[in-house]
Amino acid sequence: SQKIEQNSEALNIQEGKTATLTCNYTNYSPAYLQWYRQDPGRGPVFLLLIRENEKEKRKERLKVTFDTTLKQSLFHITASQPADSATYLCALGQGGGNKLTFGTGTQLKVEL
Amino acid sequence: DVKVTQSSRYLVKRTGEKVFLECVQDMDHENMFWYRQDPGLGLRLIYFSYDVKMKEKGDIPEGYSVSREKKERFSLILESASTNQTSMYLCASSLPSAITDTQYFGPGTRLTVL
């Protein structure tokens, strides 16, 4: 069955460092992968999408890589700030108006 | 901006009660989804709808039903609430797309069943 794995343990880093979050998947051939941010008690908010034929995508301090051979995506936040503290979810989809499959998310804490 | 609203932020119900959770989106999206989110289990899809009066089961439909009589509104119904349905319920909508399927979420309803 399809499986998406994200680090269940919280990631604690110091302000100014680069945070790197991992999303691994099995038994899936996604057309694209998305990353969402979720703050406590709120719904997820879309951040970035990367397609299967793209290796890397950037948006301001965010960078996403996608390796379909390793079946892995890495999500980087450079120059991290306490305001970046949240849970980050990856989601896989196959396009064509189909549903997404979400990972369980990784909690990031950026400390002063 | 897309706006997805949910009828309640917090809800407390008793076991056996019939519970209605309402979701409204204002961007004319065809697709709408209901998820529940529990610690360690992530977002799990309950039901989704691609069009008015259309519904499809997600991964955990047991104990739930849905209704979509108008394009902008998607309701989740717990016919007889049970304590194991205590959870955060999230509604989302999206445009059908060959490429992105980006979902826009509501703020969530935290349901407690006593």
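The values are calculated or read from the model by the stated rules, or taken from the named source; none is laboratory data. The structure presented is a predicted model; accordingly, all values stated were derived computationally and were not measured. Counting neighbours? That spans all protein chains shown, and the Cβs are built from the backbone with ideal geometry, glycine included. Just so you know, the surface numbers come from the protein's heavy atoms only, side chains and all, with ligands and any DNA or RNA stripped out. Shrake-Rupley method; radii C 1.70, N 1.55, O 1.52, S 1.80 Å.
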Chains A and B together, accessible area buried on both sides, 1.4 angstrom probe, square angstrom: 1700 Å²
Å² of accessible area per residue within the range A:1-75, as computed with a 1.4 Å probe and no ligands counted: 58 Å²
Highest-MSF residue in chain B out of B:P39, B:P61, B:P96 [GNM, Cα springs under 10 Å]: B:P39
Using distinct alpha-carbon pairs, which all enter the 1/r mean, Kirkwood radius of chain B in Å: 14.0 Å
Most mobile of B:G16, B:G58, B:G42 in a GNM of chain B (Cα contacts under 10 Å): B:G42
Restricting the range A:32-77 to trypsin sites (Lys or Arg not before Pro) in coil, as DSSP defines it, with at most 11 other Cβ within 10 Å: A:K55
Low-density loop positions, trypsin sites (Lys or Arg not before Pro), the range B:8-81 - DSSP coil, at most 12 other Cβ in 10 Å: B:R9, B:R14, B:K18, B:K53
Debye log10 I(q)/I(0) for chain A, one point scatterer per Cα, at q = 0.11, 0.18 Å⁻¹: -0.32, -0.86
Quotient of Cα Rg and 2.2 N^0.38 Å for the protein assembly as shown, N being how many residues it contains: 1.02
Positive-end extreme of charge dipole, chain A - chosen from A:G93, A:I77, A:G16 (charges on Cβ): A:G93
Of every Cα-Cα pair in the range B:46-103, the percent that sits beyond 19 Å: 34 percent
Among A:S73, A:S85, A:S29, residue whose mean-square fluctuation peaks in a GNM of chain A (springs only between Cα atoms under 10 Å): A:S29
Sparse-neighbour loop sites [GluC sites (Glu not before Pro); the range B:30-76; at most 13 other C-beta within 10 Å; DSSP]: B:E62
Pairs from B:K13/B:K57; A:K109/B:K70; B:K18/B:K70 whose Cα-Cα separation, in the structure shown, is over 29 Å: A:K109/B:K70
Projected label distance in nm at A:K55 and A:T20, using a 7 Å step from Cα toward the beta-carbon: 1.6 nm
Carbon and sulfur %, accessible surface of the protein assembly as shown computed with the full protein complex present, 1.4 Å: 48 percent
Anchor B:K3: aspartates and glutamates whose Cα lies under 13 Å away (excluding residues fewer than 8 positions away in-chain): B:D26, B:D28, B:E72
For chain B, accessible area per residue (1.4 Å probe, heavy atoms of protein chains only), Å²: 48 Å²
